[in-house]
Amino acid sequence: MGAFLVAAAAFVFYSTIILENYRRMRIESVNEDIKFETESVNKAITEIKRAALFFAATAKVTLEEQSKVFGEKTTYEFMQSAKIAVGGGFFYEPYKFDPQTKLAGCYAFIDPETNEVELEGFDFTKDYDYLTSVWYTEIADILKSPYEVVWTRPYVDDSGTFAYMVTASAGVFDENNKLIALSTVDWKIFRIVEKLNKIKATDGSFIIISVPEKDLIISNTRNKNDEGAALSSLPWDIYADTFELGGVSYMTFRRIMDNGWMLSVQVPAKEIFAEIETRTRNFSIISIIVAVLLLLYLRWAISKLVNEPIEQLTQEVKEVGGGNLDKHIEVKSNDEIGILAAAFNKMTVDLKATIEQFLKEQSERQKVGEELNVAAQSERERCGAELSAATDVLTKMLPNTCPLPASSNDFDIHAVIHPADGVGSSFYDYYFVDSKTLAILIADVSGKGIPFAVFMMIAKTLIKNHAQSGKSPKEVFDAVNNLLCEDNEAAMFVSAFFGYLDIESGKFTFVNAGHSTPILHSNGKYDYLKTQNDFVLGGMKDMTYSQDEIALRTQDEILLYTDGVTKAMNNDEESFGEERLLSTVNNNLNLPLNELSDTIKSEIDKFVASAQQMYDITMLNLRYKKG
């Protein structure tokens, strides 16, 4: 008994010590709750930001191609796949889209009554002067540079829903950094506000959601009248870790979200620890009482003879172990031996029932499997239709002809893409960056599906915009890599090879970001180009890329390709490989570029035979003819 009392005293002492640890854990728990809730909001913010950049890129391409149909179709299809945005589109500055037309824009939204996407095409701007709207002037005033996403002040929608909303926007700028268009993505935030306001650390805690940059209170659960008021009007310092209000001491827990909003939870200091202290005290008392009762019971139980029940239990368990699941153990003691016997009895009953159930399920599994096959086939057909539509849109983004006039005496160029099943994950591009410099690009995104296709479109647009701003290939990749790393929670990346051909001199300047090594035709034969193979784009921020250059002579060629060429695999899981590719081109010298691409594809098809194509097969071939 003396030893037990010493142990009990030690337990009470231990409980007192760990009380401080419980307090620390309670503070960490509140912080983790706030972190969890804000991270879910940050995911929504990232989706809205990506949508704003997507619509800005769409506005850029629509302007370059002068294709209203492309702008309207892309806007409509994107909103059909939008998860949280309720509206989105883009609007041009006066006369920027059409010198004869002052206003031009495209907008799609989700009708709150039908929950269907409605498109307001370019014609709707004839009756809607968005230039005089408050939202347009506010966004236009704060947009300063490309690829920057800005947010409006929260506002109440006056279109009939009266929902609490905010708008995100990104700008499109010309070569003089003048705004030519802006995107808009509308987001109903009342559910987000309601969700954050339900964080209840204690009964006396209250929540404030604010925009510090705009000195604005979005929501205050303690005083509804503060909504829309200045943050600086609060009677305490919102950035203080502790403060007193109405004679109550508070602790403040805060977190800044990715769009600059701040979530602040104010908790009475006494309440945050009261529950823990009470539970710890009650637990200590109950533990001591239970320990005393357990000690008394053990002293009584040890005094009893247990050998006979143990021997009986052992013999009957052996019989159960021999396979007799109908055996019932007849030990009738009320101590641990009786409990163990009852457990064995329950185990045998449960085991027998499990075996019977397994046999029953086996007979039903075939029927269920047939029903699942029907459902799976329907789902595959639906997904196939969606992927086909996405493939069609992305294919139209690839160039069919060189975008600026060039003499056929200067160069020949040919490009082709053979996508695998689903939405393609590779692309090429070529265009003039000035009157004598031709840019060529080939790239491959790290995955397949709609998100990767959107990432591919953004990467292609960023590379072209930076190239046409006068940057070298190295400077283009240095800048685009950092932009693709921003808010890239899905860890998507793209391998790419990018180069400039000086039409007059034949100098070819290039940079390689983790892409397949190109093939150079020179001196009557093909061989792999010596190049520094740097890290992929979007994989790691602040990477520095290496730039190389070579001199092309008349009839020299540069063959670019994706790894879908070398990784093409036959039924024996053997790859087409770099050696077989080099042998193919050297066995077909001096072919027209389109025939060379067809020959390579034909050799791949012969090699893989009936095996399924797993990767996009994309090729771009440039032949220099001037000299």
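All of the numbers you see were taken from the coordinates with simple rules; none came from a lab. Bear in mind the structure is a predicted one, so any value in this text is a computation, not a measurement. Please note: Cβ atoms are built from the backbone with ideal geometry, for glycine as well, and neighbour counts cover all protein chains shown.
Charge tally for SER249 (other residues, Cβ to Cβ under 13 Å; Lys, Arg +1; Asp, Glu -1): -2.
When +1 charges are put on Lys and Arg Cβ atoms and -1 charges on Asp and Glu Cβ atoms, the dipole computed for region 207-276 relative to its Cα centre reaches about 100 debye. A straight chain from THR242 to TYR22 at 0.36 nm per residue would run longer than the Cα-Cα distance by 77.2 nm.
Spacing of the modelled spin labels on SER583 and ASP421, each 7 Å from Cα toward Cβ, amounts to 3.0 nm. Less than 13 Å Cβ to Cβ from LEU589, Lys/Arg counted +1 and Asp/Glu -1: what total charge do the surrounding residues give? Counting the neighbours of LEU589, the net charge comes to -2. Label sites at ASP350 and SER602, each approximated as a point 7 angstrom past Cα along Cα to Cβ, lie 6.9 nm apart. Ignoring lysines fewer than eight residues from LYS606 along the same chain, the ones with Cα atoms less than 22 angstrom from its Cα are LYS567.
When every Cα-Cα distance of region 149-293 is counted in 5 angstrom steps from zero, the calculated P(r) takes the values 2, 8, 14, 16, 14, 10, 9, 7, 6, 4, 3, 2, 1, 1, 1, 0, 0, 0 percent.
The simple spin-label model puts a point 7 Å past each Cα toward its Cβ; for LYS198 and ARG153 those points are separated by 3.0 nm. In this calculation the C-beta distance from SER287 to PHE36 is compared with R0 = 25 Å, giving a FRET efficiency of 0.20.
Between GLN532 and LEU294, the contour length at 0.36 nm per residue exceeds the Cα-Cα span by 78.3 nm. Overall, region 527-597 carries a charge dipole of about 160 debye about its Cα centre when +1 sits on the Cβ of Lys and Arg and -1 on the Cβ of Asp and Glu, all other atoms neutral. Centre-to-centre separation between the Cα atoms of region 139-209 and those of region 528-561: 41 Å. Restricting region 542-616 to GluC sites (Glu not before Pro) that sit in a DSSP loop and have at most 11 other Cβ atoms within 10 Å of their own Cβ leaves GLU573.
Each part reduced to its alpha carbon centroid, region 481-497 and region 241-279 end up 38 Å apart. For the peptides 468-479, 615-626, the ranking by mean Cβ contacts within 10 Å, running from highest to lowest, is 615-626, 468-479. Return the subset of LYS73/LYS625; LYS178/LYS474; LYS96/LYS464; LYS460/LYS525; LYS448/LYS601 for which the Cα-Cα distance in this structure is over 28 Å, preserving the input order. Check vs 28 Å cut-off fails for LYS73/LYS625; LYS460/LYS525. Taking 17 Å as the straight-line reach from the Cα of LYS346, the lysines in range (excluding those fewer than 8 positions away in the same chain) are LYS318, LYS327, LYS332.
The lysines within cross-link reach of LYS270, meaning a Cα-to-Cα straight distance under 17 Å and a gap of 8 or more places when in the same chain, are LYS200.
Between SER575 and GLU486, the contour length at 0.36 nm per residue exceeds the alpha carbon distance by 28.5 nm. Computed over region 57-124, the percent of Cα pairs more than 15 Å apart is 50.
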